[in-house]
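The structure appears right after this line, and notes come after that.
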Amino acid sequence: MEHSTTSGDSATETGSAGTVQERPATGAVPTDPPIPGDDGASPRLPAAFHRLWTAAVVSGLGDGLRYTALPLLAATVSRAPGDVAAVTVAGMLPWLLFGLFVGVLADRVDRRTLMWTTDLVRGIVVAAFAVLLVVGEPSIPLIVAFAFAVGCAQVVFDTAAGAFLPAVVNPAQLGAANGRLMAAQVLTSQFIGPPIAGLVFAFSVAWLFAVDAFTFVLAAVLVLTIRVPRREPGADGAGVGRDVIEGLRWLNRHRVLRDQSVIYGAMALVSGALLGIFVLYVNDHLGLGSLGYGLLMACFALGNVAVAPLVPRLRARWGDRSALTTAVLVVILTLTSLALLPTPVVAGLSLFLFGAAAMTWMVVTVTVRQELVPDALLGRVTSTYRMIGFGANPLGALAAGVTATLIGIRPMLAAGAALVVVVAVAFRSGLGSQAAVDEHVGKDPAGA
C-alpha cells in the first residue's frame, strides 16, 4: 500500500499561516508497542493492522476481478484497439488530473473516514454498473465513464491509505506492515483475481461486478472497525493551490526524498517500457506464444510477492542505501540480460528479479516517506509520488513503442538500462536515508 513523522521526538503541523511548524509528537499512535523479532525487523503487528490487511486482501481481490474484466468487456463491445485502450487510460487519468488536489484532501480530513466512505461509494458505483449491465447493453462510453469514476475514487482511497498506515502501527513496524500489505495486494490482484475473473466473466459479467461491489462494501466495514485516535482536520483557511505548492516545495527541499522521486520516475518509465512491449519480445525473440507470455508475466508478479515480506529484514541488515542500490543494480542487470541474452530461462529469471527489485524499492521508499514526512504533509507527498508513477508508466510504454520501432526491441531495453544508470548516478542522494542528510536538513522540516 502506497503508501509520518520521523522516529525522533517531534512532528510537524500546519500553522495558521500555512507554514509547517514543530510540535510535540502527538499523532495517532497505536496502543500496542512494537515487539521486535530476533533481527529487530519482524515486530508483532497490532489487531488494527490485521483489519487493515484483511481489507486490503478483500479489495485487492475485487481489483483483480475488475482490472481483468473491464478490457474483456470493452473487447466484446468493440474490436478497435483505441476503444479498448481508452478504458485503461480512463482509469489512470484521474491520477494526473486530481492527484495533487486529493493529497490536500487527505491532509485536511480524517483519513480513516475518507477511506471507508470512499470504499462505500465505490461499492455503490460498481453495483449500479452491474445493474446497468443487466438491464441494458454496455457501450464504450459507458465503460469509459465507469472506469474514470472508479479511478477517481481509487485516487482518493490510495492517497488516504498511504498516509493512514503510520496511525495504525508504530514507527518500528512500518517496514513489516508495508511488506505484508504489498504482498497481499499483489497476490490477490495479480494471482487470484484474474483467473477467477476469467471464469466468472464467461458465466455472467454482471455477477462479476456484483462481487466486486461486495468486496468494496466489506472493505469499508473492516476499515470502519479500525480503532485509532481520530485525526483532527488540518484545514487552516489556506487555499487549495497554496497547500499544493507547500507540499511540492517541501518535497523539493528534502534532498533525499526529492531524488528518490526522480529515480522512481525513471524506474516507472523503464518498467512501463518493458511491460508495454514485452509481448512482442516474447513473440519475436523468444518464439513463445500466449501461454509463454502469461507464464513469464507471472514470474514478474511472483518476484513481487516473494520479496515483499523479506524487505524489512533486508533493510534492517543492509540499511536503506544498500537495499535501494541493490534494487537499482538488479533493474539494470535484468534489462541488460534481456537485451543481450534472449532465451526463455533468462527472461523468466530476469522478470522475477525485476519484480523483486521493484518491490524492494517500493517497500523501502514508502516506509522512508512514512517515517520522514510530517503528518500534515504526508497526503500531499504520497499523491505526488503516485502521480509520478502513473505518469511515467504509460509514457514509458508509449516511448517503448516508438523507440523499438526505430532501433529494435533489444537495443531499446539496453537504452532503458543506460537511462537508469544515468539517473541513479545523477540523483544518488535518493539511495540514502534521512540519516545520511541529518546534518543538511537539521531540524527544519522543510529541509531548507
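Could you give the nm distance between label points at residue 206 and residue 395, where each point is 7 Å from its Cα heading toward the beta carbon?
Taking the simple label geometry, residue 206 and residue 395 are separated by 4.3 nm.
Distance from the Cα centre of segment 87-155 to that of segment 279-317, in angstrom?
Segment 87-155 and segment 279-317 have Cα centres separated by 29 Å.
Looking at the square roots a ≥ b ≥ c of the eigenvalues of the Cα gyration tensor of segment 192-272, which shape do they give, rounded for a/c under 1.5, prolate if a/b is larger than b/c, or oblate?
In terms of gyration-tensor shape, oblate.
With r as the distance between the Cβ atoms of residue 225 and residue 325 and R0 = 41 Å, compute the FRET efficiency 1/(1 + (r/R0)^6) and round to 0.05.
Calculated value: 0.50.
For segment 132-249, with the dipole built from +1 on Lys and Arg beta-carbon atoms and -1 on Asp and Glu ones, taken about the Cα centre, which of 140, 196, 171 lies farthest toward the positive end?
Value: 171.
Which trypsin sites (Lys or Arg not before Pro) from segment 226-324 combine a DSSP loop assignment with at most 14 other Cβ atoms within 10 Å?
For trypsin sites (Lys or Arg not before Pro) across segment 226-324 that sit outside H, G, I, E and B with at most 14 neighbouring Cβ atoms in 10 Å, the list reads 227, 230.
For segment 52-114, which trypsin sites (Lys or Arg not before Pro) pass both filters: DSSP loop (anything but H, G, I, E, B) and at most 10 other C-beta atoms within 10 Å?
79
What span do the alpha-carbon atoms of segment 164-232 cover on each of the three principal axes, reported in whole Å from largest to smallest?
Sorted from largest, the Cα extents of segment 164-232 read 46, 24, 14 Å.
Between residue 75 and residue 349, what FRET efficiency comes out of the Förster formula 1/(1 + (r/R0)^6) with R0 = 35 Å and r the beta carbon distance, rounded to 0.05?
Computed FRET efficiency for residue 349 and residue 75: 0.65.
Please list, short to long, the whole-number percent of alpha-carbon pairs of segment 139-291 in consecutive 5 angstrom bins beginning at zero.
1, 6, 7, 13, 18, 16, 15, 11, 7, 4, 1, 0, 0
Write down the Kirkwood hydrodynamic radius of segment 265-372, to one decimal in angstroms, obtained as one divided by the mean of 1/r over all alpha carbon pairs.
So the Kirkwood estimate lands at 14.3 Å.
Read the figures in this text as sums done on the coordinates, not as results from a lab. Quick caveat: nothing in here was measured; it's all calculated off a predicted structure. When we count neighbours, we look across all protein chains shown, and the Cβ atoms used for this are built from the backbone with ideal geometry, even at glycine.
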